[in-house]
Amino acid sequence: MTRWVALAPAETPVPDGAVGGPDLPGSVGGTGATWDCTGDRPPPGASEAVALVPVRAKAVPLDGRRVKRTLLLTVRAGADADAVARFEADLMAMPDHITTIRGWALSRVDQDRTPSAWTHVWEQEFADVDGLTGEYLTHPYHWTYVDRWFDGEVPGSIVEPRLAHLFRWTDGPVLGL
């Protein structure tokens with residue numbers, strides 16, 4: 001079974017078998033709503049959907065409502081394979097340093113199933129918005145180990161400037177679908 005991340009206009013009803021909802025203020029690069037589902041095909045009604053190839057994931061127990069964050073990004077074509085591996089390792093080490101990250105998953109986009117400009121999807125679950133916009137985005141680990149991969153002014157950066165940083169409320173766990 002393939003896991004999918006889909007973008008849709010905010011007013012589009014979430015299809016059966018998917019979980020999702022409108023993106024919260026502060027989200028950038030989306031089309032209004034983000035959906036998550038599993039299946040053989042992308043959910044109907046999506047404006048864009050990507051099939052995911054899991055790299056690694058971890059669920060940390062968290063009861064009830066939470067914030068689901070999805071970052072779609074593109075590693076530059078021709079980026080050195082060792083640099084990409086270090087970038088992925090730096091992302092996956094974030095939960096060891098940033099305690100507000102609950103569940104998390106790093107995936108590559110399945111380019112055979114869903115050819116896309118996006119190459120990676122980095123997802124997390126947080127107890128609340130402050131966990132994302134506070135500790136996560138302002139943590140020294142984020143600024144010293146991760147942000148350098150995204151900053152075009154830093155030698156060795158490998159991520160294209162166009163991103164989709166999307167977050168929304170969800171009633172229960174999404175990662176681990």
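Details
- The chain: most fluctuating residue of Glu153, Glu125, Glu135 per GNM, C-alpha cutoff 10 Å: Glu153
- Dipole size of the chain about its Cα centre, with +1 on Lys/Arg Cβ and -1 on Asp/Glu Cβ: approximately 220 debye, rounded to the nearest 20.
- Linear extension gain, Lys58 paired with Trp143, 0.36 nm per residue minus alpha-carbon span: 28.4 nm
- Choice from Thr114, Thr70, Thr34 showing the highest fluctuation, given a GNM over the chain with Cα pairs closer than 10 Å: Thr114
- Pairwise FRET efficiency - Arg86 versus Arg65, Cβ, R0 = 30 Å, nearest 0.05: 0.30
- The orientation-averaged projection of the convex hull spanning the C-alpha atoms of region 1-51 amounts to 3.2 square nanometres.
- Per-residue accessible area (protein heavy atoms, 1.4 Å probe) orders Glu48, Glu11 as Glu11, Glu48, starting from the largest.
- Take the Cα of Asp171, step 7 Å toward its Cβ, do the same at Asp16, and the gap between the two points is 1.7 nm.
- Quotient of Cα Rg and 2.2 N^0.38 Å for the chain, N being how many residues it contains: 0.97
- Excluding ligands, DNA and RNA, the accessible surface per residue across the chain is 48 Å² with a 1.4 Å probe.
- With distances taken between every two different alpha-carbon atoms, region 74-159 has a Kirkwood hydrodynamic radius of 13.9 Å.
- Here the accessible area of region 67-177 is 53 percent carbon and sulfur, with a 1.4 angstrom probe and all protein chains present.
- Selection from Trp149, Phe87, Gly26, by position along the positive dipole direction of the chain (Cβ): Phe87
The values are calculated or read from the model by the stated rules, or taken from the named source; none is laboratory data. None of these values were measured; they are calculated from a predicted model. Positions of Cβ are generated from backbone atoms using ideal geometry, with glycine treated the same way; all protein chains shown enter the neighbour counts. When the accessible area is computed, the model is the full protein with side chains, heavy atoms only, and any ligands, DNA or RNA have been set aside. Shrake-Rupley method; radii C 1.70, N 1.55, O 1.52, S 1.80 Å.
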